[in-house]
Amino acid sequence: MTAPQGALFAVLLGTLLLQALLPSRRVLIVTGGAGLACLASTLLGVATTPLLLAEVPWDVLVILVTLGLLSQLFAASRVFDRLAVAATRLSGAEPFRVLVVFSIAMYVVSGVVNNLTALVLVLPVLHVLLRLMGTRQRYVSWLLGLLLVACNLGGAATPIGDFPAILLLGRGSMTFGAYLSSAAPATLCALAALLLVVRAVVRPTAGVPRDPVSARLTRAAMEALHRRVRADRRLLVPAAASLGAMVVAWLFLPAELGVGPELVCWLGTGAALLMSRRLGERLARTGLDIEAVLFLLSLFVMVAAVRRTGLFEEVSRSLARLPVAPSLQLVAFLVLAGVLTGLFSAGPSMAALLDVAESLAQRLPGPAVYVGLALSVCAGSSLFLTAATSGPLAQALTERADLRDVDGRPIRFGFFDFLPTGLLSFAVIQAVAIAYALLAIWAAR
């Protein structure tokens with residue numbers, strides 16, 4: 001490793017470690033790290049700041065910003081509040097059905113809006129349901145843990161659900177249709193396998209009270225509490241129509257037109273905001289997720305600086321020199337991606353590893369590499385409570401809800417309460433990622 005490579009890699013690694021240890025200050029830490037990377041890159045003769053900024057994938061940031069605004073429009077329409085109430089009705093207040101129905105609901109919602117929005121909308125309804133039906137600490141830990149994992153899987157299922165998939169779409173690594181047709185079945189298999197293992201082996205509902213009369217009273221109380229909650233069609237119709245038009249454009253617009261996914265997002269979200277009148281104007285002025293933009297912009301700058309040194313190319317060559325078949329090289333890469341994501345979170349891992357993935361895709365089928373990587377990043381995001389931004393939010397919302405078990409003891413949801421769910425989820429999703437990659441390689445032969 002040369003001096004520039006060592007210095008810039010140290011800045012990147014040190015910044016990622018520090019932001020993981022101090023998540024409450026992660027934006028300041030990462031922006032400061034980007035500034036240091038620019039300074040070191042300039043002094044070491046690697047690249048100037050304008051050159052690094054020119055390598056930032058601005059199209060990916062446009063997609064993230066516009067989809068975030070569209071998510072807020074859906075949230076304001078209260079359609080997901082109605083979905084949460086419908087999930088309550090469908091579950092019948094029966095403990096395991098609650099777990100399954102809400103996991104599937106979070107999976108579906110997270111494929112359209114970001115995980116944070118999905119949790120903010122659905123989790124308060126679930127907290128009320130848990131308070132009414134009576135529960136135990138172990139059951140709540142597994143229920144909330146599986147909800148977070150379902151959010152991660154839903155985000156990985158579609159090209160617009162979460163950052164790793166959006167990055168693949170924005171960089172042109174995969175088309176919208178190719179990613180959706182590959183990732184959606186794989187993530188559904190992972191969710192189904194996880195729920196089956198929980199049902200057969202973990203059995204978190206053991207000891208949770210089950211009384212038909214109490215269940216009926218719980219359902220009646222939930223209906224009464226949310227009787228007046230209605231979806232606002234004035235907001236829902238423009239948002240749904242724009243999203244539908246965007247999906248059609250992503251699927252069917254020929255690439256020769258040069259209309260990329262970022263322009264489709266820009267025009268589609270702009271149309272939805274215009275049709276929403278005053279709320280659309282207010283969201284355009286105040287609804288931008290500046291924290292996410294600054295974090296990812298700074299991350300891209302640091303990764304660009306390290307890329308300029310040629311370090312990622314050397315890692316790719318080292319991986320190619322492993323004395324095993326290319327398929328086993330991919331397996332080693334996917335396991336590494338899952339572990340690094342668990343330590344550093346999805347955004348940094350995906351941004352840094354995508355360069356290595358592109359070198360592997362020159363020798364192996366693209367879907368095997370890219371969808372396998374997205375699934376491995378999803379596995380790592382599910383390993384620890386701190387590996388995804390939705391984890392600390394779920395912890396804070398649960399603490400605020402002040403849940404109690406049937407004996408009156410306070411219910412917690414912290415790092416160690418989530419850990420059993422995280423370890424099992426990591427193993428299942430990582431196994432699905434490896435199985436998918438190997439099957440895709442076999443099918444391409």
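The values are calculated or read from the model by the stated rules, or taken from the named source; none is laboratory data. Values in this document were obtained by computation on a predicted structure and should not be read as measured data. In this analysis, Cβ positions are derived from the backbone assuming ideal geometry, glycine residues included, and neighbour counts consider all displayed protein chains. For the accessible areas, the whole protein counts, side chains as well, though only heavy atoms, and no ligand, DNA or RNA atoms are used. Shrake-Rupley method; radii C 1.70, N 1.55, O 1.52, S 1.80 Å.
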- Message: Under a crude label model (7 Å from the Cα following the beta-carbon direction), how far is ARG78 from LEU343 in nanometres?
- Response: 4.7 nm
- Task: Scan around ARG404 for amide H atoms under 5 Å from its own, H built in the peptide plane at 1.01 Å from N, and keep only partners 5 or more places away or cross-chain.
- Result: ILE411
- Query: Given a 1.4 Å probe and every protein chain left where it sits, what share in percent of the accessible area of the chain is carbon and sulfur?
  - Reply: 67 percent
- What is the range 84-243 by shape, rounded, prolate or oblate, if you read a ≥ b ≥ c off the alpha carbon gyration tensor as root eigenvalues and call it rounded for a/c under 1.5, prolate for a/b larger than b/c, and oblate otherwise? oblate
- Query: Which values of log₁₀ I(q)/I(0), to two decimal places, follow from the Debye formula for the range 1-125 at q = 0.11, 0.19, 0.23 Å⁻¹ with a uniform point scatterer at every Cα?
  - Reply: -0.62, -1.02, -1.22
- Message: Explain nothing, just the number: relative contact order of the range 225-353, from Cα pairs under 8 Å at least 6 residues apart, as a whole percent.
- Response: 17 percent
- Note on the structure: Taking Lys and Arg as +1 and Asp and Glu as -1, residues besides ALA305 with C-beta under 13 Å from its C-beta add up to 0
- Message: Please list, short to long, the whole-number percent of alpha-carbon pairs of the chain in consecutive 20 angstrom bins beginning at zero.
- Response: 25, 56, 18, 1
- Rank these by accessible area, largest first, 1.4 Å probe: VAL303, VAL202. VAL202, VAL303
- Estimated [θ] at 222 nm from DSSP helical runs (n ≥ 4, -39500 (n - 2.57)) normalised by residues in the chain, nearest 500: -25500 deg cm²/dmol
- Message: If you average the C-alpha positions of the range 321-393 and of the range 3-17 separately, how far apart do those two centres end up, in angstrom?
- Response: 20 Å
- Rounded to the angstrom and largest first, Cα extents along the principal axes for the range 1-66 equal 38, 30, 18
- Task: Determine the relative contact order of the range 81-188: mean sequence separation of Cα pairs under 8 Å and six or more apart, normalised by residue count, in whole percent.
- Result: 28 percent
- Message: How high is the relative contact order of the range 150-215? Use alpha-carbon pairs under 8 Å, at least six apart in sequence, and give a whole percent.
- Response: 29 percent
- Task: May I ask you to give the solvent-accessible area per residue for the range 23-142, in square angstrom, as obtained with a 1.4 angstrom probe?
- Result: 37 Å²
- Task: Take every Cα-Cα distance within the range 309-445, group them into 5 Å bins from 0 onward, and report for each bin the whole-number percent of pairs it holds.
- Result: 2, 11, 18, 18, 16, 11, 8, 6, 4, 3, 2, 1
- Task: Determine the gain in length on full extension of the stretch ARG199-GLU291; use 0.36 nm per residue of separation and subtract their C-alpha separation, reporting nm with one decimal.
- Result: 29.3 nm
- Query: Roughly how many debye, to the nearest 20, is the charge dipole of the chain about its Cα centre, given +1 on each Lys and Arg Cβ, -1 on each Asp and Glu Cβ, and no other charges?
  - Reply: 1300 debye
- Query: In terms of the ratio Rg/(2.2 N^0.38 Å) built on C-alpha atoms, what value belongs to the range 181-326?
  - Reply: 1.68
- Query: Distance in nm between label sites at THR48 and ALA320, each 7 Å beyond Cα in the beta-carbon direction?
  - Reply: 3.3 nm
- Probe 1.4 Å - accessible area at ASP402, Å² to nearest ten: 90 Å²
- Once the Cβ-Cβ distance between ALA192 and LEU393 is put in as r, and R0 is 30 Å, what FRET efficiency do you end up with, to the nearest 0.05? 0.70
- Item | Computed FRET value (nearest 0.05) for LEU39 with LEU267, which takes r as the C-beta separation and R₀ as 35 Å | 0.40
